[in-house]
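Undergrad: I'd like to ask you about the structure that follows.
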Amino acid sequence: KMPQTPPFAAMFDSSSYNRNVYQMKEDNCGGLYYHDNNLLSGSLEALIQHLVPNVDYYPDRTYIFTFLLSSRLFMHPYELMAKVCHLCVEQQRLSEPGLDKNWTQKIAPKILQLLTEWTETFPYDFRDERMMRNLKVFSDCLMFTQMYRKNVQQLLQNLIRKLAAVTQYEEVLAKIDATTSTDRLTLLKTKPQSIQRDIITVCNDPYVLAQQLTHIELEKIKIVLKLAGLFLSVQSCYGDRKKTRNLEAYVEWFNRLSYLVATEICMPVKKKHRARVIEYFIDVARECFNIGNFNSLMAIISGMNMSPVSRLKKTWAKVKTAKFDILEHQMDPSSNFYNYRTALRGATQRSLTAHSNREKIVIPFFSLLIKDIYFLNEGCANRLPNGHVNFEKFWELAKQVSEFMTWKQVECPFERDWKILQYLLSVPVFSDDALYLASYESEGPENHVEKDRWKTLR
């Protein structure tokens with residue numbers, strides 16, 4: 001039977017997320033330093049040793065997650081895997097003669113559980129051939145007993161399936177990139193009015209559109225969080241562009257949605273039609289807020305605040321803006337997004353006590369989450385003056401990432417509408433220049449700067 005570990009939601013509660021339940025003592029000699037039962041720092045070697053199970057010990061899941069997340073700032077994952085494998089082999093060598101079989105039966109399930117947690121939480125690590133070689137060496141050690149052969153094979157099959165899904169997703173991203181660049185070139189040379197499409201024709205119910213946006217967000221979160229370690233490796237010396245592509249794709253989705261909103265508003269020739277589209281997106285944004293989809297909400301508000309949209313004063317005069325003002329207040333960036341952070345805490349609390357997937361949905365403003373993690377990482381030293389790893393910092397980083405891990409596990413409760421999803425993901429959107437051209441042709445330039453720009457665009 002495998003050691004049982006708590007779900008992510010229970011990993012980092014407010015009072016004890018950084019508590020290690022196995023060693024409740026202040027220890028300087030073993031290379032680990034505790035204070036009030038909290039692991040604060042340690043030498044890298046001691047922290048690696050603390051990751052390795054033995055007959056009487058299995059590391060707490062909070063520790064496994066935190067150390068695997070942060071260790072890549074100090075060494076390649078394949079180097080860590082080799083060290084863990086070496087320590088396990090050393091344990092076996094030092095066990096009492098004649099007790100090898102008994103030792104294997106006790107330790108093998110724990111090692112298998114550690115490998116399972118590693119491959120499920122950080123599958124991207126295993127795209128490195130060196131990592132796969134070390135995993136094979138490790139798994140071969142387990143397979144000298146028939147009892148665990150099937151478990152090891154299942155672990156490897158699950159890992160290969162996840163890696164294939166990531167590769168497939170990246171191929172789709174590459175195709176979208178190619179298509180988008182062509183579309184933008186076409187739109188720059190085309191008068192906006194000649195592009196025939198309309199979001200309200202495709203989906204006349206703003207609540208349904210908010211639900212379809214939530215589908216897209218949750219799918220993208222799942223891909224990003226399969227690569228959770230990249231939150232740190234982006235800034236590590238081992239980061240590379242291929243690894244960050246999935247994070248960039250999520251940010252690009254935010255930008256695409258903003259430009260789609262602006263395009264849909266600027267496109268109609270008639271003022272009343274533009275006003276209707278603005279009111280439609282206000283309703284979509286409000287429903288996103290109610291669902292807990294803050295990333296789409298922020299993207300919609302961003303699109304409505306783009307200069308080509310905000311300058312349409314005659315159009316905005318026809319809009320009832322009270323609801324929009326409330327949403328803008330919620331997403332106000334002042335005081336470090338205080339209002340948004342308050343709303344996010346409320347949605348998180350609702351999610352923890354929810355009985356349905358509908359109430360469990362929390363989709364944070366992704367760019368701000370990345371910014372928070374970046375500044376936490378940059379603002380605190382990785383090592384203390386005595387050379388110890390600053391584990392207190394990594395507990396906090398892991399707490400933020402693990403929250404996101406919990407949110408991504410929610411299954412979207414809304415029915416998919418493929419026609420709407422396809423429109424949202426693939427319809428061409430205007431470039432900046434095309435947006436300004438559409439805006440000036442809807443409501444003429446008001447000053448010399450705008451007149452000069454309009455002449456250039458025409």
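The values are calculated or read from the model by the stated rules, or taken from the named source; none is laboratory data. Nothing here was measured: the structure is a model prediction, and the numbers come from that model. Here Cβ is always computed from backbone atoms with ideal geometry, including for glycine, and neighbour counts include all displayed protein chains. The protein model used for the area step is the full one, side chains on, heavy atoms only, and it has no ligands, DNA or RNA in it. Shrake-Rupley method; radii C 1.70, N 1.55, O 1.52, S 1.80 Å.
Undergrad: Which one of the conditions (1) in contact (Cβ under 8 Å) with a residue 40 or more places away in the chain; (2) touching a Phe, Trp or Tyr at 6+ places or on another chain (Cβ under 6 Å); (3) open to solvent by less than 50 Å² (accessible area, probe 1.4 Å) does P428 fail to meet, given that it meets all the rest?
TA: Checking P428 against (1) in contact (Cβ under 8 Å) with a residue 40 or more places away in the chain; (2) touching a Phe, Trp or Tyr at 6+ places or on another chain (Cβ under 6 Å); (3) open to solvent by less than 50 Å² (accessible area, probe 1.4 Å), the one that fails is (2).
Undergrad: Out of (1) crowded, with 17+ Cβ neighbours inside 10 Å; (2) at pLDDT below 55, the odd one out for G239 is which?
TA: It fails just one condition, (1).
Undergrad: Would you check if K314 is surrounded by fewer than 19 Cβ atoms within 10 Å (Cβ to Cβ), touching a helix residue (DSSP H, G or I) at 6+ places or on another chain (Cβ under 8 Å) and among the basic types (K, R)?
TA: It is true that K314 is surrounded by fewer than 19 Cβ atoms within 10 Å (Cβ to Cβ), touching a helix residue (DSSP H, G or I) at 6+ places or on another chain (Cβ under 8 Å) and among the basic types (K, R).
Undergrad: Do any residues in the range 281-303 that are closer than 15 Å to V319 by Cα have Cβ atoms under 6 Å from those of residues that are charged (D, E, K, R), where the two are at least six apart or on different chains, and which pairs are they?
TA: I282/K323
Undergrad: With the checklist (1) open to solvent by 20 Å² or more (accessible area, probe 1.4 Å); (2) touching a residue at least 40 places away in the same chain (Cβ under 8 Å) in hand, flag the one item Y340 doesn't pass.
TA: The number of the failed condition is (1).
Undergrad: Under 8 Å by Cβ, and 6 or more places apart or on different chains, what pairs join a residue from the range 198-224 that is at positive phi with one that is surrounded by fewer than 20 Cβ atoms within 10 Å (Cβ to Cβ)?
TA: If the second residue must be surrounded by fewer than 20 Cβ atoms within 10 Å (Cβ to Cβ), no pairs are left.
So that you can scan it fast, the table gives a plain yes or no per residue for (1) over 30 Å from the mean Cα position of the chain (by Cα); (2) over 30 Å from P109 (Cα atoms); (3) modelled with pLDDT under 65:
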residue: D140; (1), (2), (3): yes, no, no
residue: Y148; (1), (2), (3): yes, no, no
residue: Q153; (1), (2), (3): no, no, no
residue: R161; (1), (2), (3): no, no, no
residue: A165; (1), (2), (3): no, no, no
residue: V172; (1), (2), (3): no, yes, no
residue: L185; (1), (2), (3): yes, yes, yes
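Undergrad: Having 2 or more residues that are under 21 Å from C203 (Cα atoms) and of a type in the set (S, T, N, Q) is the bar; report the helices (runs of 4 or more DSSP H) wholly within the range 270-314 that clear it.
TA: Ranges flagged: 294-304.
Undergrad: For A398, are the conditions met, namely being of a type in the set (G, A, S), surrounded by 14 or more Cβ atoms within 10 Å (Cβ to Cβ), in contact with a Ser or Thr (Cβ under 6 Å, 6 or more places away or on another chain) and assigned by the TED database to the domain that holds E287?
TA: Considered against the rule, which asks whether it is of a type in the set (G, A, S), surrounded by 14 or more Cβ atoms within 10 Å (Cβ to Cβ), in contact with a Ser or Thr (Cβ under 6 Å, 6 or more places away or on another chain) and assigned by the TED database to the domain that holds E287, A398 comes out as yes.
Undergrad: A follow-up question, please. Can you go through L260, L218 and tell me which one is under 23 Å from S356 (Cβ atoms), part of a helix (DSSP H, G or I), open to solvent by less than 10 Å² (accessible area, probe 1.4 Å) and modelled with pLDDT of 70 or more?
TA: Numbers: L260 fails: under 23 Å from S356 (Cβ atoms).
Every option except L218 fails the conditions.
Undergrad: Any idea which of (1) assigned to a helix (DSSP H, G or I); (2) at pLDDT below 80; (3) not β-branched (V, I, T) is the one F126 doesn't satisfy?
TA: Evaluating F126 over (1) assigned to a helix (DSSP H, G or I); (2) at pLDDT below 80; (3) not β-branched (V, I, T) leaves (2) as the failure.
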